[in-house]
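**Q** The structure that follows is given in the form of structure tokens.
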Amino acid sequence: MPKYLDPSKPCACSSGKTHAACCRPYLRGEQEAPDAVSLMRSRYSAFALENAAYLLRTLHASLPERAQPESEMLTLLRRACRAYDYPGLQILEEKTDGAKAEVLFLAQMFKQGKDESFLERSEFALENGRWFYTTGKMRRASEVEAPTKVTFATFVPGKDEGDEAVTV
Ligand SMILES: [Zn+2]
């Protein structure tokens, strides 16, 4: 079961809105995220709230992970959720072109108190009225001088972190 977050409390994606006015309807399947940034935000909230089912249903079918049995994927996603604390998200830049979108963000993540925050340039696709996460390139925030100031123009992916991208 996902963790409970009071709908009147600030959303886990640090949008500044209440959870009810932000990610909650998407996480509960009551509405589809209307754009890639909303989907990105709701996926961060899903990690924070251990909603593995939502993480799985927002992964694009083309991802190799989707070929694994669903129960195994849910176990892996739950493990990823629980391994970290998720204190906040910052969207740095986004662009949408029809059914494709890219979002550059700084995801704050801590593993047993150790800062493992990262920057990611994620790609999203719109299919049948729903946005899906398709792929992403990451960079550890600790390797970047001013991670909150990074833009599409200045983002440089890390060399060996691509495999982790699917977890967020
Ligand atoms: Zn939110």
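**Q** I'd like to compare 8-19, 139-150, 28-39: which one has the highest average count of other Cβ atoms within 10 Å, and what's the full order after that?
**A** Details: 8-19: 17.4, 139-150: 14.1, 28-39: 15.8.
The densest-packed peptide leads the list: 8-19, 28-39, 139-150.
**Q** Can I ask one more? Give me the mean projected area, in nm² to one decimal, of the convex hull enclosing the Cα positions of the chain.
**A** Working: hull surface 38.6 nm².
Averaging across all directions leaves 9.7 nm² for the Cα convex hull.
**Q** Shifting gears a bit: Which of the residue pairs 95/149; 9/95; 95/137; 137/159 have a Cα-Cα distance greater than 19 Å in the structure shown? Don't skip to the answer; put the middle values down first.
**A** Details: 95/149 17 Å; 9/95 29 Å; 95/137 16 Å; 137/159 9 Å.
Cα-Cα > 19 Å for 9/95; rest within.
**Q** Please report, in debye to the nearest 20, how large the charge dipole of the range 3-76 is about its Cα centre when each Lys and Arg carries +1 at its beta carbon and each Asp and Glu carries -1 there. Let's see the in-between values first.
**A** Details: 9 positive and 8 negative charges, 54 e Å.
Taking the Cα centre of the range 3-76 as origin, the dipole is about 260 debye.
**Q** Looking at the range 24-167 only, what percent of DSSP beta bridges run antiparallel? Nearest 5 please. Intermediate results must be reported in sequence, preceding the final value.
**A** Numbers: 30 of 31 bridges.
Around 95 percent antiparallel, to the nearest 5.
**Q** Something else about it: Considering only protein heavy atoms and a probe of 1.4 Å, how much of the accessible area of the chain is carbon and sulfur, as a whole percent? Could you put the intermediate results ahead of the total?
**A** Numbers: 4350 of 8920 Å².
Summing carbon and sulfur atoms, their accessible area is 49 percent of the total for the chain.
**Q** Using a Gaussian network model of the chain with C-alpha springs under 10 Å, which one of 84, 44, 133 is most mobile by mean-square fluctuation?
**A** The residue that fluctuates most here is 84.
**Q** Among 146, 112, 67, which residue has its Cα furthest toward the positive end of the charge dipole of the range 24-167, with +1 on Lys/Arg Cβ and -1 on Asp/Glu Cβ?
**A** Final value for the positive-end residue is 112.
**Q** When the label point is put 7 Å from the Cα of residue 152 along its Cα-to-beta-carbon vector, which residues of the range 113-128 have a backbone N closer than 18 Å?
**A** Under cut-off, by backbone N: 119-126.
**Q** Compare 52, 107, 21 in a GNM of the chain, Cα atoms joined below 10 Å, and give the one with the largest fluctuation.
**A** The residue with the greatest mean-square fluctuation here is 21.
**Q** Just how large is the dipole of the range 106-163 about the Cα centre, in debye to the nearest 20, putting +1 at every Lys and Arg Cβ and -1 at every Asp and Glu Cβ? Please report the intermediate quantities before stating the final value.
**A** On the way: 9 positive and 10 negative charges, 21 e Å.
Once rounded to the nearest 20, the dipole reads 100 debye.
The values are calculated or read from the model by the stated rules, or taken from the named source; none is laboratory data. This structure is a prediction, so every number in the text was calculated from the model and none was measured. Using ideal geometry, Cβ is built from the backbone for each residue, glycine included, and neighbour counts are taken over all protein chains shown. Each accessible area value is taken on the protein alone, full model and side chains, heavy atoms only, with ligands, DNA and RNA left out. Shrake-Rupley method; radii C 1.70, N 1.55, O 1.52, S 1.80 Å.
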